[in-house]
Amino acid sequence: MAASEPPRLTIVQPGAGPTGVLGSIGVGFQLWGEDTGGALSIVEHPFPVGALVGAHLHTREDEYSIVTEGEIGFRSGEREVVLGSGGYITKPRGEMHAIWNAGTVPARMIEIISPAGFEHFFRELAEMVGSGAADLDQVPVLADRYGMRFGDPDWLPGCDHPLPAHPPPTDRSRWITESLGK
């Protein structure tokens, strides 16, 4: 598609679109980069009670999150907040962040990724988990291919996450195992 051409009309009905499991959270694919001329992609993440996405950063994209159900906690850099339905947050590239279900009921958020491309990391990870062939050694390789870095920030054990799901800073493999639901 030429830069001057608008993206084609794309319609995704409620509850439609492919879904997958990423480990401790799910993913619903709403708009792919191919649908937006590469400008952005949109995914939806259901967070079961107790779900935690460990500390990581993106080197290629920014994320914009909108909480649509429940309460989701965010720690990005030195800022920490719990947002309820209707809350928005930006997670800039290059800034370490973690996300968790901060409530006692399932939660859900919409994630806008700009520019597009990282939705394919979610697709590949969901395929890996769904096939039962989630090799823990391959997760960092996959993440690296998409410019994602895992971290062990000093603040992680102090996050206001209600469950003891935070790994010790030196035990990244346990975080990956818990994230994959193994």
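Annotations
- Candidates GLY103, GLY117, filtered to the one that is crowded, with 16+ Cβ neighbours inside 10 Å, touching a residue at least 24 places away in the same chain (Cβ under 8 Å) and at positive phi: GLY117
- Criterion violated by GLN13 - all others in (1) over 18 Å from ARG149 (Cα atoms); (2) touching a residue at least 12 places away in the same chain (Cβ under 8 Å); (3) not in a strand (DSSP E or B) satisfied: (2)
- Residue check for VAL27: at pLDDT 95 or above and surrounded by 14 or more Cβ atoms within 10 Å (Cβ to Cβ): yes
- Selection of the range 36-57 for residues being surrounded by fewer than 19 Cβ atoms within 10 Å (Cβ to Cβ) and in contact with a Ser or Thr (Cβ under 7 Å, 6 or more places away or on another chain) yields ALA39, VAL49.
- Listed by position, the strands (runs of 3 or more DSSP E) inside the range 56-155 whose residues that are polar (S, T, N, Q) and in contact with a His (Cβ under 6 Å, 6 or more places away or on another chain) number at least 1 are 71-76.
- Taking the conditions (1) out of contact with any helix residue (DSSP H, G or I) (no Cβ under 7 Å at 6 or more places or on another chain); (2) not in a strand (DSSP E or B) in turn, SER24 satisfies each one other than (1).
- Of ILE72, ILE112, all but one fail to be surrounded by 15 or more Cβ atoms within 10 Å (Cβ to Cβ), modelled with pLDDT of 95 or more, over 22 Å from ASP152 (Cα atoms) and of a type in the set (Val, Ile, Thr); the exception is ILE112.
- Applying a threshold of 7 Å to beta carbon distances and a minimum spacing of six or more residues, or different chains, the list of pairs starting in the range 129-154 at a residue that is closer than 23 Å to ARG75 by Cβ and touching a residue at least 12 places away in the same chain (Cβ under 8 Å) and ending at one that is part of a loop (DSSP other than H, G, I, E, B) and among the aromatic types (Phe, Trp, Tyr) reads TYR146/PHE118.
- The combined condition, being among the polar types (S, T, N, Q) and under 24 Å from TRP155 (Cα atoms), is fulfilled by THR59.
- Condition check for ILE66: touching a helix residue (DSSP H, G or I) at 6+ places or on another chain (Cβ under 9 Å), modelled with pLDDT of 95 or more and over 18 Å from ALA143 (Cβ atoms): no
- Flag for GLU34 being under 27 Å from SER131 (Cα atoms) and within 12 Å of the chain's Cα centre (by Cα): no
The values are calculated or read from the model by the stated rules, or taken from the named source; none is laboratory data. What you see is a predicted model; the values in this text were computed from it and never measured. Because the Cβ atoms are built from the backbone with ideal geometry, glycine has one as well, and the counts that use them run over all protein chains shown.
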